[in-house]
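Report on one structure; see the data block that follows.
Values quoted throughout were computed directly from the atomic coordinates according to the rules given, and no laboratory measurement underlies them. Predicted model, so just to flag it, every value in this text is computed and none were measured. Cβ coordinates were reconstructed from backbone atoms using ideal geometry, including for glycine residues, and neighbour counts include every protein chain displayed.
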Amino acid sequence: MEINLNKLAFICLHTSWWNIYPPQDIAIEMSKELVYDNWENYIKNDYEKHKKIWLYLHTPFCEAKCVFCSCGSEKIVWWNTLDNYLNKILDELNYFSPIFKNIKLNHAYFWWGTPSIYNNDQLNKLLKTIRWLYNFQDYAQWNFEISPHTITEEKIKILKKYWVSRVTIWIQTMTENSLKFNNRIQTWEKIEKTFLWIRNSWIENINVDLMPWIPWENLKDFLINLKRIILLKPNMIHLYPFRPTKETLFYKDWFTYTDNDIKNRDIMYELWVKLIESFWYKWIENDSWWLNESARNDQEVDKIVNNCSILWFWYPTRSYIHKNLMYFTWYDMYKDDYPTYMGIKMFKNDYISRFIISHFRHWFDINEINQKFSINFLDLYKNEISFLEENKVINIENNFFKTKIENVYEKLLFSKIFYSVENIKLILDKFSYDEKRDYVKEFQNTLSIAYK
Ligand SMILES: C[S@@+](CC[C@H](N)C(=O)[O-])C[C@H]1O[C@@H](n2cnc3c(N)ncnc32)[C@H](O)[C@@H]1O
Ligand code: SF4
């Protein structure tokens, strides 16, 4: 099949900007038993060589919906929502646990929406069950993310009791107008106390997430706030420049992010980086700015560097069984009793494409890829490489694959060349590709809402 830029742009328009391969947009419904079989197959055939699995748990509930947020999560409405959700998760944890009874998982990760929203009993029950049903390597990183207004000293003690070793505090902004506009309640007093509680409990690392030019931010407050946060010495700082994507209330409520906002966001980001680096924070490959190397997010790095398998609970999740399957679950807890499993089977070189796509932004060592996957990269991907060379977006020099891409648009567009022909065909058919339409322009226009 002939591949051209128009087809790649069409794929970009119909797949997630997370740019993770294979794309969940072409998943089909499958049984939970089939997912179970694929995990068993991985453990039997590939685990001994690969030895990489992390467990992830999703809590898609929040006390209020923040205006800036693009994550799939919902405001809690019923008093029993969390208990119901927790019971379902515990069922799933139980169901899959026999597969892993002789395995030591590498890490655990408790990420969005708000894992710190559970009450003490629920939190205890959840962490205790995971420790009871699953084994972890010694010193496995347990990474737990918290929003300041839902955390308490008691909850921090519970995290410590179950060996959580890294806590992320979602600060995003401390500018008063911005907090109000975005529906967030947090005070300096609470932030400082939270740092103290975590330090006093000897949890090893604190990471903070901050958001340059979040709606209603201003440069002066922002710099003052950042300096105050730096003085609390978080071990790591993540900067996520605001993106007014279609999922945000900001976009849905018809607020506009002007060219001037985009300019300010980029200036702010540059200033932040300068400030952070002047306080001895260093950039670490595949992650963010750190004071000590152990503060890096092992899960995220392992996902990029080692194609780590991911056992994610629950909706809307994206699990990955190395060389076997990418799957996730859908669940409407107000209508359904059980989640629906959706997946895409991995064929031939799909797992190599997954690795290349996640490394596409900068460069990689071809020898390393050849060794890692026992392939001849230049031979196996010769068509893709000549396409990229013709479009002047890569150089192959001294056995290094180096991209010359300069922005998110090029990264998303050109990385799609590594999709398998079968998956490209599936996407073109499923979403009705029309070769007379100019998808390159359409994609550029869509993307410019969120990025410059
Ligand atoms: C999954 S969200 C969870 C946020 C968290 N619950 C909180 O209270 O802030 C994780 C990260 O995604 C990033 N994020 C969410 N919405 C975003 C947006 N519209 N633009 C850029 N980054 C965003 C934020 O930096 C956030 O820390
Ligand atoms: S930012 Fe966090 S707390 Fe706010 S809506 Fe998103 S997931 Fe929920």
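Starting from the Cα of residue 48, step 7 Å along the direction of its Cβ; do the same at residue 306; then give the gap between the two resulting points in nm.
1.8 nm
For an R0 of 45 angstrom, estimate the FRET efficiency from the Cβ-Cβ distance between residue 382 and residue 202 and round to the nearest 0.05.
Details: r = 53 Å, r/R0 = 1.19.
According to the calculation, E is roughly 0.25.
Just tell me, in residue order, which DSSP H segments of the chain are both 15 angstrom or longer along the helix axis (alpha-carbon based) and at least -0.5 in mean Kyte-Doolittle hydropathy.
In the chain, the long hydrophobic H runs are 81-96, 219-230.
With the crude spin-label approximation of a point 7 Å out along Cα→Cβ, what separation in nm comes out for residue 40 versus residue 373?
2.9 nm
Round to the nearest 0.05 the FRET efficiency obtained for residue 261 and residue 444 when R0 = 25 Å and r is the Cβ-Cβ distance.
On the way: r = 19 Å, r/R0 = 0.76.
Plugging the Cβ-Cβ distance into 1/(1 + (r/R0)^6) gives 0.85.
With a Förster radius of 25 Å, plug the Cβ-Cβ distance of residue 3 and residue 404 into 1/(1 + (r/R0)^6) and report the FRET value to the nearest 0.05. Mind dumping the intermediate values first?
Numbers: r = 19 Å, r/R0 = 0.78.
Approximately 0.80, to the nearest 0.05.
Ranking request for peptides 74-85, 220-231: highest mean number of other beta-carbon atoms within 10 Å first, then the rest in descending order.
Answer by packing, highest mean first, reads 220-231, 74-85.
Hey, fewest Cβ within 10 Å first, where do 107, 149, 362 land in order?
Neighbour counts put them in this order, fewest first: 362, 149, 107.
Where nothing but the Cβ of Lys and Arg (+1) and of Asp and Glu (-1) is charged, how large is the charge dipole of the range 25-305 around its Cα centre, in debye to the nearest 20?
Roughly 700 debye for the range 25-305.
How far, in nm, would the chain grow between residue 336 and residue 220 when pulled straight, counting 0.36 nm per residue and subtracting the alpha carbon separation?
36.9 nm
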